[in-house]
1. Taking the options A77, A38, name whichever one is farther than 19 Å from H103 by Cβ, in contact (Cβ under 8 Å) with a residue 40 or more places away in the chain and open to solvent by less than 30 Å² (accessible area, probe 1.4 Å).
2. Exactly one condition in (1) open to solvent by 40 Å² or more (accessible area, probe 1.4 Å); (2) closer than 21 Å to V95 by Cα is not met by E3; state its number.
3. Against the condition open to solvent by less than 30 Å² (accessible area, probe 1.4 Å) and charged (D, E, K, R), how does D132 come out, does it pass?
4. Hey, I147 hits all of (1) over 18 Å from the mean Cα position of the chain (by Cα); (2) open to solvent by 40 Å² or more (accessible area, probe 1.4 Å); (3) farther than 23 Å from L209 by Cβ but one; which does it fall short on?
5. Take V20 and tell me if it is under 30 Å from D189 (Cα atoms) and open to solvent by less than 40 Å² (accessible area, probe 1.4 Å).
6. Being part of a helix (DSSP H, G or I) and loosely packed, with under 13 Cβ neighbours inside 10 Å is the filter here, so list the residues in the range 55-73 that pass it.
7. Can you find a residue that is open to solvent by 80 Å² or more (accessible area, probe 1.4 Å), at pLDDT below 90, hydrophobic (A, V, I, L, M, F, W, C) and over 30 Å from R220 (Cβ atoms) anywhere in the range 101-111?
8. Is it fair to say E52 is charged (D, E, K, R), at pLDDT 85 or above, loosely packed, with under 13 Cβ neighbours inside 10 Å and within 23 Å of E83 (Cα to Cα)?
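The values are calculated or read from the model by the stated rules, or taken from the named source; none is laboratory data. Fair warning: this is a prediction, and the values are worked out from it, not measured in the lab. Note that we place each Cβ from the backbone using ideal geometry, even for glycine, and neighbour counts take in every protein chain shown. Just so you know, the surface numbers come from the protein's heavy atoms only, side chains and all, with ligands and any DNA or RNA stripped out. Shrake-Rupley method; radii C 1.70, N 1.55, O 1.52, S 1.80 Å.
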Amino acid sequence: MKEAIEKGVLPQFDWYLHPVYVSDEEMEEFTELSDKIAKAFYAIKNNNNTKEFLKKLEEDEGSLETLEDFVKLIEKARFKRLEVPKEWKDLAVLVAQRRWLIHRSLPKIEKAIEMAREYYFRGKKIIVFAMDIGSCEYIKEKLNEDIDDVFVVHSNVQDPFEVIKAFKGCKSGILIGARMLDEGLDIPDAEVGLNVAASKTRIQLIQRLGRILRKHGDKRPIFHHFVGVPHERDYLDFEDPFWILDEVSWVRIRL
């Protein structure tokens with residue numbers, strides 16, 4: 001990307017990160033899930049059935065020390081087509097619920113909505129990257145309170161290409177979408193990206209950046225990355241090395 005900017009293929013752009021604490025209500029659920037995960041993880045570590053399962057995986061007892069180890073072992077079991085113990089499946093569900101709570105945190109979505117509204121009334125063309133269909137519709141509903149030029153594309157939209165075409169024809173407007181916006185979207189005059197979706201890989205994040213990094217006149221694109229973060233008191237020590245909460249990883253690396 002740096003080389004592409006130096007050669008003039010891509011424009012210079014600004015990138016801002018916005019860590020936003022989850023709400024009090026979300027923190028209650030997050031704390032509850034954290035407690036359940038801690039208890040379930042240590043119960044699995046001290047379970048005799050775990051020793052037998054590790055033998056099937058051709059692993060020794062020391063291979064299960066952190067939750068990162070746990071996730072890797074589950075993936076290995078699936079690769080080897082081994083039946084995963086029920087208590088392992090239950091813990092995996094809890095971990096997924098905990099991550100999803102952060103990814104869909106309402107305060108960061110509300111902050112992105114506020115920023116989208118500000119940019120729109122400054123005459124800008126904005127793309128909002130949301131986590132799922134529910135988030136897309138929520139953002140649309142809030143923005144529609146005082147903005148007409150709001151467009152949404154996701155798998156439940158009958159003709160997303162017509163929606164994108166309508167957005168392209170607007171001088172200013174807001175396009176909201178989930179994964180459908182990650183690739184193949186060319187709107188040169190879109191200059192603001194607001195990302196409230198989790199990025200599973202560096203490539204996915206760069207793809208979203210690419211939606212606004214199109215040469216168009218003298219525009220200087222702006223990309224805002226909103227990150228839902230829990231309070232430190234609810235971090236799980238044994239999970240810290242693995243924080244596959246990709247959003248949190250980006251904040252720690254960049255700030």
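1. Unique residue meeting the criteria: A38.
2. It fails just one condition, (2).
3. Yes.
4. (2)
5. Taking the combined requirement at face value, the residue satisfies it.
6. K55, K56, E61, G62, listed by residue number.
7. The answer is no; no qualifying residue exists.
8. yes
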